[in-house]
1. Which whole-number percentage describes the relative contact order of the chain, with Cα contacts under 8 Å and a sequence gap of 6 or more?
2. Which percent, nearest 5, of DSSP beta bridges in the chain are antiparallel?
3. Figure the gain on full extension for Leu164 and Thr39 (residue separation times 0.36 nm, minus the Cα-Cα span) and round it to one decimal in nm.
4. Which of Gln90, Leu142, Ala52 sits farthest toward the positive end of the charge dipole of the chain, with +1 on the Cβ of Lys and Arg and -1 on the Cβ of Asp and Glu?
5. Roughly how compact is the chain, stated as its Cα Rg over 2.2 N^0.38 Å to two decimals?
6. Could you please state how large a percent of the accessible area of region 69-204 is carbon and sulfur, counting protein chains only and using a 1.4 Å probe?
7. According to a simple spin-label model (label point 7 Å from Cα along Cα-to-Cβ), what is the distance in nm between Glu76 and Asn152?
8. Local charge sum around Lys71 (other residues, Cβ-Cβ under 11 Å, Lys/Arg +1, Asp/Glu -1)?
Amino acid sequence: METADEARNQGSSVSILEKNPKVVFVLGGPGSGKGTQCTNIAKLFGYTHLSAGDLLRAESESDSENEIMIKNVMKEGKIVPSEVTVKLLQQAMWKIGNDKFLIDGFPLNDENRAAFENVTGIEPAFVLYFDCPVEEMERRLLNRNQAREDDNIETIKKRFKVFLESNPPVISYYGEKGKVRKIDAARSIDQVFESVKTIFEAQD
Ligand code: ADP
């Protein structure tokens with residue numbers, strides 16, 4: 001996988017490093033409300049919302065070399081290899097060229113985190129962490145009206161297990177750097193957004 005420096009040397013029109021975009025990682029279990037809140041944040045604060053899951057789903061529908069692998073990994077509720085996800089995120093950032101990105105649902109584990117930082121040279125400004133009990137997330141996902149292939153109870157249980165095992169080291173890593181903004185996500189969408197707004201207003 002090419003690093004940001006290599007990409008620049010190979011003539012990529014806009015290096016991520018040159019633009020030095022502000023990146024906010026948006027983390028929380030499946031169904032904690034990341035996508036819902038990111039849509040609102042993007043509208044109000046001018047960020048581009050990049051959902052790692054949506055980018056991977058789009059890639060798995062395209063004619064790419066990774067099509068089948070991504071489909072299988074996601075069906076199992078597992079984590080797609082870092083190099084695939086980081087490349088998709090990096091490409092999306094280059095293409096869109098905004099200077100503020102919300103990266104939703106990534107990094108899921110510490111290896112994801114290290115790969116992103118090494119390849120892009122970007123550290124997040126902060127991490128928004130939606131804290132929500134598993135029972136509430138499960139209820140929301142089973143109600144989610146998008147007929148997503150991974151929103152069935154079997155895959156949901158696997159996704160929770162992987163999330164609970166893999167994500168805490170990422171939160172601890174950024175917690176030690178004072179970068180985690182934890183939000184009680186078990187409240188209504190509007191109440192959660194009030195807390196989110198306070199955090200972003202303090203930033204911009
Ligand atoms: P994630 O991106 O974290 O998987 P979503 O934003 O897609 O979560 O939300 C999952 C489902 O829960 C959606 O159907 C959404 O409308 C609903 N939802 C999101 N936030 C809340 C909330 N605070 N209270 C109730 N339902 C919510």
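The values are calculated or read from the model by the stated rules, or taken from the named source; none is laboratory data. This is a predicted model, so every value here is computed, not measured. Reconstructed Cβ throughout: ideal geometry from the backbone, glycine too, with neighbour counts over all protein chains shown. SASA here: full protein model, heavy atoms, side chains in, ligands and nucleic acids out. Shrake-Rupley method; radii C 1.70, N 1.55, O 1.52, S 1.80 Å.
1. Numbers: 290 pairs, mean separation 65.0, N = 204.
For the chain, the relative contact order is 32 percent.
2. Values: 0 of 19 bridges.
Counting only bridges with both partners in the chain, antiparallel ones make up about 0 percent.
3. Values: separation 125, 0.36 × 125 = 45.00 nm, distance 2.46 nm.
Answer, rounded to one decimal: 42.5 nm.
4. Projecting each Cα onto the dipole axis, the largest value belongs to Leu142.
5. Working: Rg = 16.5 Å, N = 204, 2.2 N^0.38 = 16.6 Å.
Working it through for the chain, the quotient is 0.99.
6. Details: 3440 of 6940 Å².
Answer for region 69-204: carbon and sulfur cover 50 percent of the accessible area.
7. For Asn152 paired with Glu76, the spin-label model returns 1.7 nm.
8. Numbers: positive: Arg57, Lys75; negative: Glu59, Glu61, Glu67, Glu76, Glu149, Asp150.
Net of charged neighbours comes to -4.
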